[in-house]
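Below is one structure, written out as structure tokens; the observations come after it.
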Amino acid sequence: MSVCLALHGAFCGPWVWEEALTTFGLPAVPVELRQTEHPDYHLLGLSDYVDALASAAEPYPGRPVLVGHSMGALVVQKALSRLRPAAIVLLAPVPPLGAAATFPHTMLVDPILGMQAAVAGFIDFDMADPEALSRSLFSDAVPKWRADEHVRRSQPEPRRALFDCFAPGPIASAAWLGVPTLVIGMDRDPISPPSACRMTALWHGADCRIMPGSGHLMMLEPSWPSVAEEIRRWLKGRGLTAQ
């Protein structure tokens, strides 16, 4: 059975998967993409994150299943030709064209979120308003105290990695490489809207599901079990899980 490597998005960490790891139907391991002890931390880019993913995959035999969320989904896409995974699952992904294709949508539907994300990423992480971010990143189904708690666990992202997200460079199509792909988006996500998910699915020849009722950080929402069931069913259909 393949191992599942789960990749977090920008400003997050492996902690976002704490409650989700047991729901994929196969052994799952969260991956820390950042080298926080690196002397030139803000010079780390997506290529360094791909290296971190490759190192995380080394101890496990066979081809892994890669599950990436948001920026982590972009790292998965960048790693495709290098790792040739058994399958990939892209959750609320940054599309192959990069965040430049989705940021205008964010500014249109939630300008406060767009401005706060820009402040946190490119000006000063500590200047961003945690309450504004928690209101925008989570649905009303998540209690405010819990949303605030999650946002307080966030951490700065290397600026080069964020710039790379806007212009990621060439990305191979999973269909060309013979890698089965599932894309899942949420219908009210201000960061990765359904149009971006469909764009990503089209490029990779992927199955695409747009699901209702959740914010961008879907694995931390009460509706996560329905998303996890969709992933399990899809993986089982490809012989990648026994559950």
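With contacts taken as Cα pairs under 8 Å at a separation of at least 6 residues, the range 55-144 carries a relative contact order of 19 percent.
Let me check against my output: what whole-number percent is the relative contact order of the range 71-196, with C-alpha pairs under 8 Å and at least 6 apart? Spell out each step's value before the answer.
Working: 153 pairs, mean separation 54.2, N = 126.
Reported as a whole number, the value is 43 percent.
Going by Cα centres, the range 154-209 and the range 1-47 are how many Å apart? The range 154-209 and the range 1-47 have Cα centres spaced 16 Å from each other.
Sorting the segments 137-145, 154-162 by their residues' average number of neighbouring beta-carbon atoms within 10 angstrom, most packed first, yields 154-162, 137-145.
Ordered by the count of other Cβ atoms within 10 Å of each Cβ, fewest first, Thr23, Thr102 give Thr23, Thr102.
Sequence-distant contacts, meaning Cα pairs under 8 Å at least 6 residues apart, place the relative contact order of the chain at 24 percent.
Would you mind classifying the chain by shape? Square roots of the alpha carbon gyration tensor eigenvalues, ordered a ≥ b ≥ c; an a/c under 1.5 is rounded, otherwise it is prolate if a/b is larger than b/c and oblate if not. Here the chain falls in the rounded category.
Each reported figure results from applying straightforward, stated rules to the coordinates on display, with no laboratory input. All figures in this text were calculated on a predicted structure; none of them were measured in a lab. Neighbour counts run over all protein chains shown; Cβ positions are idealised from the backbone, glycine included.
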